[in-house]
Amino acid sequence: MANEREREREILWTGIGGQGVQLAATILARAATLEGLEVLSLGTYGGTMRGGNTDATVVIARHVITSPPIVSRAWAAIVVHPRFFDPIRPKLRPDGLVVVNRELLEAPLDVATGRLIELDATTLAREADAPNAAALVLLSAFATATGIVSQAALAEALADSLPSYRSQFLETNRRALAAGAGAVAARCVPAFAKEAA
């Protein structure tokens, strides 16, 4: 069971409503599915549409997933806004990775894992002419740093995930993905060890 568990990657998302947390988590889940991985995805929302907490859990594995829908331990966290990070912090495993929008931090993020990627995601999104897509910048940076899914799968999942009434934002969101991909070194924190096919 230990070897199977090591191949499951739990990713917790946190932010405030209206930041695109749920869309970004959905894109990650769909991209993993496109690449033939097993996926579990669960979104949770606070009591308000904008400004309240919004969290998501995505579990990605190369085998049948054994995690319950609400995970008690996680391999990674993507912090779109740090306001609701405190409940997530104790769930991170010692080898966990945290990707955070540095521009929204009021103080250094206290993570005991030692694996922290801080990005100026708001600025990167703005520079890509995608000012409302910082969550997608973080998603793409996470995918690049971990190799958990390819950029091609993210792009396809983005197109599949946008509702028709938001299709005018497809190119904008693609630019945000490109900005995130260019902001970090590829596979600097690999999600999965190389395995025999």
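Structure notes:
- Length-normalised contact order of segment 1-157 in % [C-alpha pairs under 8 Å, at least 6 apart]: 25
- Computed over the alpha-carbon pairs of the chain, the distance histogram in 5 Å steps reads 1, 8, 17, 22, 23, 16, 8, 3, 1, 0 percent, short to long.
- Rounded Å value of the spacing that divides the Cα centres of segment 127-197 and segment 37-105: 17
- Prolate/oblate/rounded call for segment 59-171, Cα gyration tensor, a/c under 1.5 rounded: oblate
- Mean shadow area of segment 109-197 over all directions, Cα convex hull, nm²: 7.0
- Sequentially through segment 120-134, phi angles give Karplus couplings (6.51, -1.76, 1.60; θ = phi - 60°) of 7, 5, 5, 5, 4, 5, 4, 5, 8, 6, 9, x, 9, 10, 4 Hz, Gly and Pro residues having no value and appearing as x.
- Only helical runs count toward this figure. For the chain, summing -39,500 (n - 2.57) over DSSP H runs of n ≥ 4 and dividing by all residues gives -9500 deg cm²/dmol at 222 nm.
- Average Cα contact separation per residue, segment 107-193, under 8 Å, 6 or more apart, as relative contact order %: 38
Only the coordinates and a few stated rules stand behind these numbers; no lab work does. What you see is a predicted model, and the numbers here were worked out from it, not measured in a lab.
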